[in-house]
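The values are calculated or read from the model by the stated rules, or taken from the named source; none is laboratory data. Treat the numbers as computed from the prediction; the structure is a model and nothing was measured. Cβ sites come from the backbone with ideal geometry, for glycine too, and all protein chains shown count toward neighbours. Heads up: the accessible areas ignore ligands, DNA and RNA and are worked out on the full protein's heavy atoms, side chains in. Shrake-Rupley method; radii C 1.70, N 1.55, O 1.52, S 1.80 Å.
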Amino acid sequence: MESRGLRIALRIWVVLVLLFLFVPIALIFLYAFDKSTVQSWPISGFTVRWFSVAWHDPDVRQAFLLSIKVGLLATAIALVLGSMVAYAVHQFAFFGRETVSFLLVLPLALPGIVTGIALSSFFSFLGTGLSILTIVIGHATFCIVVVYNNLVARLRRVPGSLSEASADLGARSWQTMRLITLPMAGTALISGALLAFALSFDEVIVTVFTAGAQNTLPLWIFGAIRLGQQLPEVNAVVSVVILLTLIPVGLAAQVAGSGGITRAAGRATPAGEQAGLAGR
């Protein structure tokens, strides 16, 4: 059993780690309401002017809409391809399955600059101009990994006896997948999609090599910080981006921890019977 001194030390350590992680974020929110155009401490006063300035800035609005569009398209591609590959890798035994699984995870493990340079060279080799399509393809490379990891982990937790029971009742494989596998893996798909969108919305490095003359919101923030002339507006935009990013991440955590396996397992028997009846 831990001593009282050790427990106190661990609590202090946790507090210090949390302060290290979140004090910089808190400062961004504070500076977003600062009246002054120069960042200094303490702040000179509070204002919401910079949020209005950011909202009426056409470059910010265009970059924001582009980020939303790219995130939705990349997430849609990741859902289709990631779920298909996850089901195939989990369901079927074939030569090189572990290699395929490793290659799928590789884009997320590699440094973003490596992926960005590789994609830029590939598009240049094909003679493809950089556009929203190239941004979506670049983002889809790592969004697929998120969906795949979420779904394959959930599929491994699904009891194999449920599929066997469905087959015993006369259901075909596609009926088992539709009536049993998908309902039990639904929360993993939703959380994977939310996380994929959050990653795409915040992506900078890969976007630099695939965007060309277009600016997503993270690229606009990066460019404005380098110029150093719009720091108050940047702080306001970053504050909004943080809040927007927390929404899909929080929903994903809620969905992933909502006990989808347990609830779906409770419906497994009637679903299996339904699948069996559909197969006859």
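Some observations on this one:
- The condition (being at pLDDT 80 or above, outside any helix (DSSP H, G or I), out of contact with any His (no Cβ under 7 Å at 6 or more places or on another chain) and of a type outside the set (A, V, I, L, M, F, W, C)) is satisfied by just one residue among Asn150, Asn215, Asn235: Asn215.
- Counting residues in region 66-88 that are exposed (fewer than 15 other Cβ atoms within 10 Å of the Cβ), modelled with pLDDT under 85 and not in a helix (DSSP H, G or I) gives zero.
- Against the criterion of being under 21 Å from Ala198 (Cα atoms), assigned to a helix (DSSP H, G or I) and either of a type in the set (Phe, Trp, Tyr) or without any contact (Cβ under 8 Å) to a residue 60 or more places away in the chain (or both), Phe51 does not qualify.
- For Val114: the one exception among (1) modelled with pLDDT of 85 or more; (2) in contact with a Leu (Cβ under 8 Å, 6 or more places away or on another chain): (2)
- The listed residues are Val105, Val145, and the only one of them that is under 22 Å from Thr187 (Cα atoms), of a type outside the set (Lys, Arg), surrounded by fewer than 20 Cβ atoms within 10 Å (Cβ to Cβ) and touching a helix residue (DSSP H, G or I) at 6+ places or on another chain (Cβ under 9 Å) turns out to be Val105.
- In region 91-106, the residues that are among the small types (Gly, Ala, Ser) reach residues that are surrounded by 13 or more Cβ atoms within 10 Å (Cβ to Cβ) with C-beta atoms within less than 8 angstrom, at least six apart or across chains, in these pairs: Ser101/Val89; Ser101/Val152.
- Take the conditions (1) in contact with a Ser or Thr (Cβ under 8 Å, 6 or more places away or on another chain); (2) crowded, with 16+ Cβ neighbours inside 10 Å; (3) without any contact (Cβ under 8 Å) to a residue 24 or more places away in the chain; Ser44 misses just one of them, which is (2).
- Test: residue in region 231-240 that is farther than 19 Å from Ile43 by Cβ, open to solvent by less than 20 Å² (accessible area, probe 1.4 Å) and in contact (Cβ under 8 Å) with a residue 40 or more places away in the chain: no
Let's see how each residue does on (1) of a type in the set (S, T, N, Q); (2) within 25 Å of the chain's Cα centre (by Cα):
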| position | (1), (2) |
| --- | --- |
| Ser3 | yes, no |
| Arg11 | no, no |
| Ile77 | no, yes |
| Val80 | no, yes |
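- Counted residues, region 111-142 - those being part of a helix (DSSP H, G or I), free of Cβ contacts under 8 Å to residues at least 60 places away in the same chain and either among the polar types (S, T, N, Q) or open to solvent by less than 20 Å² (accessible area, probe 1.4 Å) (or both): 2
- Each residue in region 183-214 was checked for being under 10 Å from the mean Cα position of the chain (by Cα) and open to solvent by 50 Å² or more (accessible area, probe 1.4 Å), and 3 of them qualify.
- Residue identified as in contact with a strand residue (DSSP E or B) (Cβ under 9 Å, 6 or more places away or on another chain) and either among the hydrophobic types (A, V, I, L, M, F, W, C) or closer than 30 Å to Thr134 by Cα (or both) among Trp55, Trp50: Trp50
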